[in-house]
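A short write-up of the structure that comes next.
The values are calculated or read from the model by the stated rules, or taken from the named source; none is laboratory data. Note that the structure is predicted; figures quoted are calculated from it, not measured. Using ideal geometry, Cβ is built from the backbone for each residue, glycine included, and neighbour counts are taken over all protein chains shown. Each accessible area value is taken on the protein alone, full model and side chains, heavy atoms only, with ligands, DNA and RNA left out. Shrake-Rupley method; radii C 1.70, N 1.55, O 1.52, S 1.80 Å.
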Amino acid sequence: MFHIKPRIIVLKAIPKLQKSISTTQTCQSNHKLSSFLEAAKMPEKKLRKLVFPFEDLERHLSSKVNTSNFQLFQPRYEDIKMAEMFFTPSKKQKIDYFTSAVRMDHAPLITQSEVCFIGRSNVGKSTLIKALFSLVPETEVRVSKTPGHTKKMNFFTVGKAFTLVDMPGYGYKAPKDFVDMVETYLETRHNLKRTFLLVDGSVGLQHADRIAIDMCEEFGLPYVVSYRKTI
């Protein structure tokens, strides 16, 4: 079996942005801190707390914890600025909803690289994607406080760079054909380059999360574990 050491990161959506999102309404204006270029104007101390919220928590770790295997992803500011360019719309960089599919035979046949987001129902996949698209507020990403809201595989084009796929959540109120849909996608989607597994940080890894990790390991998929709801 081909094993890939997962990289653990924390992605934090801006609280004010999250509060502005509703199930049926598409926000048409972006928050003033949606752009990192704007956020970078903040004092350095406030900026680091916003971008690297876990730095202050490191001192609270038990001295008995072995941190030798920890790999906290903390990119340089320059890297964040470059990454933001992917999500900044322009004439050459079109960012929009593409299509949805309820089964793999309905999925679009594209050669462009894909990244997908999977996780338990109500872990915040759609909310995170909404935050990533905050510079394109007209791109509608439906979110809900009701678990199991996403029933389809939703495809979004991010220019010519890649396609982002929002997968249905597993666990509570998951689609009946969830296993056939998601497992088949992970196993057969040859243009899938990275899988982001979102975990509820307030409860930690659950049995269903470990099954998802096992699937990624079994299929030899590069994946990232991202903890949500930690702050």
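Treating r as the C-beta distance of residue 85 and residue 52 and R0 as 22 Å, the FRET efficiency rounds to 0.60.
Loop-resident chymotrypsin sites (Phe, Trp or Tyr not before Pro) (DSSP state other than H, G, I, E or B) in the stretch 52-124 with no more than 11 further Cβ atoms inside 10 Å of their Cβ: 70. With no solvent and one equal point scatterer placed on each C-alpha of the stretch 80-130, evaluate the Debye formula and give log10 I(q)/I(0) for q = 0.13, 0.14, 0.23, 0.31 Å⁻¹, two decimals. Taking Cα atoms of the stretch 80-130 as identical point scatterers yields -0.47, -0.55, -1.23, -1.25.
Note on residue 56: accessible area is roughly 70 Å² with a 1.4 Å probe, heavy atoms of protein only.
At an R0 of 35 angstrom, the distance between the Cβ atoms of residue 42 and residue 105 translates into a FRET efficiency of 0.15. The string of couplings for the stretch 187-203 from the Karplus curve (6.51, -1.76, 1.60, θ = phi - 60°) is 7, 10, 7, 6, 8, 6, 9, 7, 10, 9, 9, 8, 10, 6, x, 6, 10 Hz, one whole number per residue in order, with x for Gly and Pro.
If r is the Cβ-Cβ distance from residue 76 to residue 180 and R0 is 35 Å, what FRET efficiency results, to the nearest 0.05? Here the calculated transfer efficiency is 0.25.
Distance between the pseudo-spin-label points of residue 208 and residue 160 (7 Å out from Cα toward the beta carbon): 4.0 nm. Fully extending the segment from residue 62 to residue 193, taken as 0.36 nm per residue of separation minus the present Cα-Cα distance, adds 43.6 nm.
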